[in-house]
Amino acid sequence: MWKPMTYFSITSQIIIDEAKKMGFETEILQANKNFYVVRWNGKEIYFKSNDFWWNTALWYKIADDKELTNTVLDKNWFKIPRSIYINKKDLKYFNIEKTNLRFPLVTKPIDEWHGNWVTVWIESKEELNYGIKEALKFGNNFIIQEFIEWDEHRILVIWDKVVLWVKRIPAHIIWDWIHTIKELIEIENKNPLRWKWYESSLSYIEIDSKLINYIWKTWLNLGTISKKWEYMKLKWVSNLWAGWTLINVTNKMSEELKKECVDGVKKLWLKVAWIDIITEDLSTSLHNSWWAIIEVNATPWLWWDFELTWVNTWLELLKYIFKI
């Protein structure tokens with residue numbers, strides 16, 4: 001399990017450790033700013049955490065802005081959830097009934113990551129007002145979009161190859177007929193891979209307002225004991241901090257499906273990126289199924305991959321960079 005470090009991010013340390021295993025020279029230039037260099041065979045690559053020259057500043061900024069990302073994807077016929085983009089000063093003119101959006105909805109900041117200040121499964125105007133207030137905690141611009149309840153997937157594209165495709169599974173429990181929801185969460189949190197926030201492969205499943213709200217909408221509470229053996233989601237979002245787990249499904253994907261994801265990243269002129277997709281069917285081409293691109297991350301963090309999927313993504317990244 002990865003432990004927290006005083007200055008370096010986990011991703012920075014992993015890339016340096018892997019480079020050393022490969023016999024590369026590494027030098028930390030500014031530890032407190034995650035700035036370092038990797039050298040091999042006369043080639044020198046500067047990193048700031050996991051960011052380096054492959055992705056240009058322009059397209060990094062575009063990928064960092066969900067509205068701009070969606071504009072480019074939509075222009076190139078990639079499916080995205082039906083969305084509207086609002087600035088705080090325009091809220092006085094906003095009326096959800098005058099839009100083409102239908103409940104349930106999602107609210108999120110335009111330029112924030114990791115699912116922070118995102119509110120999911122909004123079913124009423126009252127809940128929408130709450131979601132808007134949450135999104136505005138980060139900035140003045142936010143998105144309202146229709147919620148799609150299909151399986152979530154994250155795909156790592158490096159250059160022209162899908163290196164890893166994982167199914168993202170939200171925090172959940174498996175009923176055992178004996179323990180309450182609260183007790184099952186406590187049992188799962190003893191998993192040695194679980195720790196706090198982003199400092200391990202898995203995070204603790206926190207009993208917070210979002211978890212309470214989710215199980216309340218299923219007519220349950222923390223003291224419930226089920227009479228059946230079944231899987232139960234605890235949150236709508238499937239981010240690391242929210243207690244996700246992952247399944248590696250890379251080998252189950254068709255080559256056509258992988259190519260479509262690579263094409264999506266190329267339309268944003270990126271050479272390394274995570275692309276987040278929601279879809280109902282992975283056995284066919286994206287264009288033959290219901291699906292949508294939710295987000296594209298231009299500087300994907302790499303640290304939980306090997307422990308959860310046995311895919312050494314940082315090794316693959318260095319091999320592509322140095323053309324090995």
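Quick one: would you say Leu318 is surrounded by 14 or more Cβ atoms within 10 Å (Cβ to Cβ), assigned to a loop (DSSP other than H, G, I, E, B) and either at pLDDT 80 or above or not basic (Lys, Arg) (or both)? Against the criterion (surrounded by 14 or more Cβ atoms within 10 Å (Cβ to Cβ), assigned to a loop (DSSP other than H, G, I, E, B) and either at pLDDT 80 or above or not basic (Lys, Arg) (or both)), Leu318 does not qualify. Can Asn288 be described as modelled with pLDDT under 80, farther than 19 Å from Asp51 by Cα and surrounded by fewer than 19 Cβ atoms within 10 Å (Cβ to Cβ)? Taking the combined requirement at face value, the residue satisfies it. Every listed requirement among (1) over 22 Å from Leu270 (Cα atoms); (2) of a type outside the set (Gly, Ala, Ser); (3) out of contact with any Ser or Thr (no Cβ under 7 Å at 6 or more places or on another chain); (4) part of a helix (DSSP H, G or I) is met by Trp121 save one, (4). Put simply, of Lys228, Lys190 the only residue that is assigned to a loop (DSSP other than H, G, I, E, B), modelled with pLDDT of 85 or more and loosely packed, with under 14 Cβ neighbours inside 10 Å is Lys190.
Residues in segment 74-108 that are among the charged types (D, E, K, R) and in a loop (DSSP other than H, G, I, E, B): 3 in all.
Quick check, is Lys182 out of contact with any Asp or Glu (no Cβ under 9 Å at 6 or more places or on another chain), in contact (Cβ under 8 Å) with a residue 40 or more places away in the chain and among the basic types (Lys, Arg)? When the stated conditions are applied, Lys182 passes them. The condition (being closer than 19 Å to Asn76 by Cβ and outside any loop (DSSP other than H, G, I, E, B)) is satisfied by just one residue among Leu257, Leu270: Leu257. Taking residues in segment 85-101 that are closer than 22 Å to Lys66 by Cα, and partners anywhere that are part of a helix (DSSP H, G or I), the pairs with Cβ atoms closer than 6 Å and at least 6 places apart or on different chains are Tyr85/Glu67. Just one of (1) in a loop (DSSP other than H, G, I, E, B); (2) closer than 22 Å to Gly243 by Cα fails for Asp111. It is (2). Inside segment 129-145, residues that are surrounded by 17 or more Cβ atoms within 10 Å (Cβ to Cβ) and over 19 Å from Ile212 (Cβ atoms) make up a count of 8.
Counting only residues that are part of a loop (DSSP other than H, G, I, E, B) and not aromatic (Phe, Trp, Tyr), segment 159-187 holds 7 of them.
Here is a list: Thr71, Thr11. Which entry is part of a helix (DSSP H, G or I) and surrounded by fewer than 16 Cβ atoms within 10 Å (Cβ to Cβ)?
Details: Thr11 fails: surrounded by fewer than 16 Cβ atoms within 10 Å (Cβ to Cβ).
Criteria check complete, one pass: Thr71.
When Lys98, Lys92 are screened for being surrounded by fewer than 19 Cβ atoms within 10 Å (Cβ to Cβ) and at pLDDT 90 or above, only Lys98 passes.
When the test is whether a residue is more than 19 Å from the chain's Cα centre (by Cα) and in contact (Cβ under 8 Å) with a residue 40 or more places away in the chain, Ile15 passes it.
Trp150 meets the stated requirement of being surrounded by fewer than 20 Cβ atoms within 10 Å (Cβ to Cβ) and among the hydrophobic types (A, V, I, L, M, F, W, C). Each residue in segment 296-310 was checked for being surrounded by fewer than 18 Cβ atoms within 10 Å (Cβ to Cβ) and either charged (D, E, K, R) or not in a helix (DSSP H, G or I) (or both), and 2 of them qualify. Taking segment 160-210 as the range and being among the aromatic types (Phe, Trp, Tyr), over 23 Å from Thr119 (Cβ atoms) and within 22 Å of the chain's Cα centre (by Cα) as the test, the residues that pass are Trp165, Trp195. For segment 29-81, the candidate set comprises residues that are under 18 Å from Asp276 (Cα atoms) and of a type in the set (Phe, Trp, Tyr); within that set, the residue that is modelled with the highest pLDDT is Trp59.
The values are calculated or read from the model by the stated rules, or taken from the named source; none is laboratory data. Quantities reported herein were computed from a predicted structural model and do not represent experimental measurements. Quick reminder, even Gly has a Cβ in these numbers, built from the backbone with ideal geometry, and neighbours come from all protein chains shown.
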